[in-house]
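The values are calculated or read from the model by the stated rules, or taken from the named source; none is laboratory data. These numbers were taken from a predicted model, which means no experiment stands behind them. Methodologically, a virtual Cβ is constructed for each residue, glycine included, from the backbone with ideal geometry; neighbour enumeration extends over all protein chains shown. Surface accessibility is based on the protein's heavy atoms, side chains included, excluding ligands, DNA and RNA. Shrake-Rupley method; radii C 1.70, N 1.55, O 1.52, S 1.80 Å.
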Amino acid sequence: MSAGAIGQAHPRLEGRAKVTGTARYAMEYPVDGVTYGWVVQAAVVRGRITHIDTTEALASPGVLAVVHHGNAPRLATTPGPNLWLLQDPAVHYRGQYVAVVVATTLEAAREGAQLVRIEYDAGPHSTVLTDDHPGLYKPDHVNPAYPTDTAEGDFDAGYAAAQVRVDATYQTPAYHNNPMEPHATTAQWTDGRLLVHDSNQGATSVRATLAELFDVPRESVRVIAEHVGGGFGSKGYAKPAVVLAALAARHVDRPVKLALTRQQIFGPIGYRTPTIQRVRLAADTDGRLTAISHDSISQTSQILEYTESVAVYTRSMYAAPHRRTSHRVTRLDVPTPFWMRAPGECPGAYALESAMDELAVATGIDPVELRIRNDTEIDPDQGAPFTSRNLVACLREGAQRFGWADRNPTPRSRREGRFLIGSGVAGSAYPSESVPASARITARPDGSFLVQINATDIGTGARTALWLVAADALQVPPERVEIRIGDSELPAAPVAGASMGTSSWSWAVIRAGEALRGKLRDGVPPDAEVSAEVDTSDELNAQAKKPKFAYGAQFVEVRVDTTTGEIRLNRMLGVFAAGRIVNPTTARSQLIGGMTMGVSMALHEGGLFDERYGDWVNHDLGTYHITACADVESIEAYWLDERDDELNAAGVKGIGEVGIVGAAAAVANAVYHATGVRIRDLPIQLDKLIGTSALA
Ligand code: MOS
């Protein structure tokens, strides 16, 4: 592959369409005879529906139907309990979608939903995660397929024998995915065929799930996701909106548009589980780790086991002869937690990178230096060398750019007026895996090329990145390449998730480009269209598994108001080593976006749970604050020029998630440095500082 387009900054191909409002999202396709669905949510936590009175709703102007378990089309059971919607009267958590009102207008559907009367037989519930919850058990595996526990050496002996020890427990609340575009679908049935315009992260898997649920051949289902306004993992596979819209459309025999409201997505679409994490670190007086232990407790629902892979980060980050990790989970009467940007690594790194800061304090070693001393070329988990690991280079370059050398390590040593200023650092890592994909490229007589792959651009810039990759693979300027993604009619490709999208899709695009060039005479357009289609399954399945990770170092400066306890972010700087960066423009926004989301986790977000009510009470962006521009005064992301030929065809590591990992710890560590007070449960807000020595 010749160098060329890759690495050149380029604006998003669809940028103009998006800012002028002509890019269509799932709810924006004009459809003749369309109707509107509005969901009704369960008003009890646990129990069963004993009666649904739809009389008033059906009498309301414009209402066509109330679809519920008593009248909904039947689904096949195979795709799993989370999508078993409107099929039985059981209620497993408050807010479960239990009916859809369909009407000729959105307003009429909404009005009708207020008029559905539901009676329940409700039982007692358990909804709050505690470290002694009687339901805690050891799951079979953790998300997606990692071992539940690991152990090497003898942790207890290593820990007991150490010169310096840290034993700390960290807690994180539930965090809710809030993509700009909520989960939304337009569904149409025509002669037994289903067409959906759906907001998701992967139309190939959504099509497969819908085909199974509705018991039709895959060829009878088409899923279009041309533009998607964010997902963060919450749209990682078929979710309730698409199933409810398809059910409702079949029931009323008309097209249905169904968008969940902002309030309706807090919980039932999946959220980041609350965690309780105990980390124990032991080291010699030089700060060299001798024993590491990370025990995670999290929650799942009554209907489906999902265990967040919280301690997995700790398995590969720093070396020590004695190590253990564990996960325990309990089933609560809550919605099923699910993926949220860097599931596992994000909350896990908050705990480990906070504990590393505590170890730095305990040993008197600078926290950047402590991490450098505990770097390893061998993955302690897999026992094999990393394909490339540039954590140390990220720490060094970050420290230099941030001005870390000037830092006085003593907490509370910097005061400006009524503000205490502090700085913190954390490491970051995220796996760089790839999965099989297929792609087709066509050479046209006019010298242009058409690239087709069912990739998804959830706002990341994936479309533009693949277009640049394709140009280099074809050895032509990008202007001669047209790219089509976001449609299940295109060659099958994996989900935009786990930071594997660009690596997986580009692999197929590059191989298709090579195959096509083999069919063409050098540089000469064909007389008629010539295509090449490849599938990378054989190639990827034959690959030896090696430890592959992107790395980063996060640096944060905060100021804490000693009068009010308010914490503000002065500046944040991240340096990342993530293989080849395809498009600096969109890569920068991915990294900055991840970092900002980590600041949000540390300082602003958090589900406030009321046990009596059995649900979160903050269900909107007024009461669930997400870090906004005004909260981030200065944020910068840089990357190293990293080449790693063992990764994948394009040499990329994935950048969607590494930016959030470690970010919350860097903020928390900065708050400690500013105030001398260690807050171990997120978010760190003023009420947790009031009454402590922080404000003295
Ligand atoms: Mo990401 S949480 O893998 O979409």
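Per-structure values
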{"item": "Test: residue in region 409-425 that is over 30 Å from V575 (Cβ atoms), charged (D, E, K, R) and not assigned by TED's automatic domain parsing to the domain that holds A650", "result": "no"}
{"item": "Leading residue by the ranking (nearest to E181 (Cα to Cα)) among those in region 1-28 that are open to solvent by less than 30 Å² (accessible area, probe 1.4 Å) and in a loop (DSSP other than H, G, I, E, B)", "result": "A26"}
{"item": "Residue satisfying all of: in region 181-207; over 18 Å from the mean Cα position of the chain (by Cα) and part of a helix (DSSP H, G or I); farthest from the ligand (Cβ to nearest atom) among these", "result": "R207"}
{"item": "Cβ pairs under 8 Å, 6+ apart, first in region 180-205 and free of Cβ contacts under 8 Å to residues at least 40 places away in the same chain, second more than 15 Å from the ligand (Cβ to nearest atom) and among the hydroxyl-bearing types (S, T, Y)", "result": "G192/S220; R193/S220"}
{"item": "Which numbered condition D140 misses (of (1) touching a strand residue (DSSP E or B) at 6+ places or on another chain (Cβ under 7 Å); (2) outside the structural domain of Y350 (by TED's automatic domain parsing); (3) loosely packed, with under 15 Cβ neighbours inside 10 Å)", "result": "(1)"}
{"item": "Looking only at region 228-247, and only at residues there that are in a loop (DSSP other than H, G, I, E, B) and in contact with a helix residue (DSSP H, G or I) (Cβ under 7 Å, 6 or more places away or on another chain), the one that is farthest from the ligand (Cβ to nearest atom)", "result": "A238"}
{"item": "Residue satisfying condition, being closer than 28 Å to R218 by Cβ, assigned to a helix (DSSP H, G or I) and more than 16 Å from the ligand (Cβ to nearest atom), within set A512, A473", "result": "A512"}
{"item": "A283 away from the ligand (no atom under 16 Å from the Cβ), at pLDDT 95 or above, out of contact with any Asp or Glu (no Cβ under 8 Å at 6 or more places or on another chain) and of a type in the set (G, A, S)", "result": "yes"}
{"item": "Criterion: of a type outside the set (A, V, I, L, M) and surrounded by fewer than 19 Cβ atoms within 10 Å (Cβ to Cβ) - qualifying residue of T54, T50", "result": "T50"}
{"item": "Qualifying residue in region 208-224 (condition: outside the structural domain of A342 (by TED's automatic domain parsing) and within 15 Å of the ligand (Cβ to nearest atom))", "result": "no"}
{"item": "Single residue of region 254-264 satisfying the filter (over 25 Å from T22 (Cα atoms) and in contact with a strand residue (DSSP E or B) (Cβ under 7 Å, 6 or more places away or on another chain)) that is farthest from the ligand (Cβ to nearest atom)", "result": "R254"}
{"item": "Filter result (surrounded by fewer than 21 Cβ atoms within 10 Å (Cβ to Cβ) and in contact with a Leu (Cβ under 8 Å, 6 or more places away or on another chain)) within region 636-671", "result": "E636, Y638"}
{"item": "Evaluation of L695 against (1) modelled with pLDDT of 95 or more; (2) on the phi < 0 side of the Ramachandran plot (one fails), failing number", "result": "(1)"}
{"item": "Qualifying residue in region 152-174 (condition: among the basic types (K, R), surrounded by 15 or more Cβ atoms within 10 Å (Cβ to Cβ) and not in a loop (DSSP other than H, G, I, E, B))", "result": "yes"}
{"item": "Test: residue in region 360-375 that is among the polar types (S, T, N, Q) and open to solvent by less than 20 Å² (accessible area, probe 1.4 Å)", "result": "yes"}
{"item": "Pick from region 93-137, criterion of a type in the set (G, A, S) and part of a strand (DSSP E or B), ranking: surrounded by the fewest Cβ atoms within 10 Å (Cβ to Cβ)", "result": "A122"}
{"item": "Residue in region 641-660 that is away from the ligand (no atom under 16 Å from the Cβ), assigned to a helix (DSSP H, G or I) and at pLDDT 95 or above present", "result": "no"}
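Residue-by-condition table, conditions (1) among the acidic types (D, E); (2) more than 30 Å from G594 (Cβ to Cβ); (3) within 16 Å of the ligand (Cβ to nearest atom); (4) open to solvent by less than 10 Å² (accessible area, probe 1.4 Å):
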{"site": "V481", "(1), (2), (3), (4)": "no, no, no, no"}
{"site": "R484", "(1), (2), (3), (4)": "no, no, no, no"}
{"site": "E489", "(1), (2), (3), (4)": "yes, yes, no, no"}
{"site": "S506", "(1), (2), (3), (4)": "no, no, no, yes"}
{"site": "P525", "(1), (2), (3), (4)": "no, yes, no, no"}
{"site": "A532", "(1), (2), (3), (4)": "no, yes, no, yes"}
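Conditions tested, residue by residue: (1) among the aliphatic types (A, V, I, L, M); (2) more than 31 Å from the chain's Cα centre (by Cα); (3) farther than 26 Å from G270 by Cα.
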position: D53; (1), (2), (3): no, yes, yes
position: V63; (1), (2), (3): yes, yes, yes
position: V66; (1), (2), (3): yes, yes, no
position: T78; (1), (2), (3): no, no, no
position: Q87; (1), (2), (3): no, no, no
position: H125; (1), (2), (3): no, no, no
position: H141; (1), (2), (3): no, no, no
position: A160; (1), (2), (3): yes, yes, yes
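Conditions tested, residue by residue: (1) in a helix (DSSP H, G or I); (2) in the same structural domain as I458 (by TED's automatic domain parsing); (3) closer than 30 Å to V44 by Cβ.
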| residue | (1), (2), (3) |
| --- | --- |
| R588 | yes, no, no |
| E605 | no, no, yes |
| N618 | no, no, yes |
| Y638 | no, no, no |
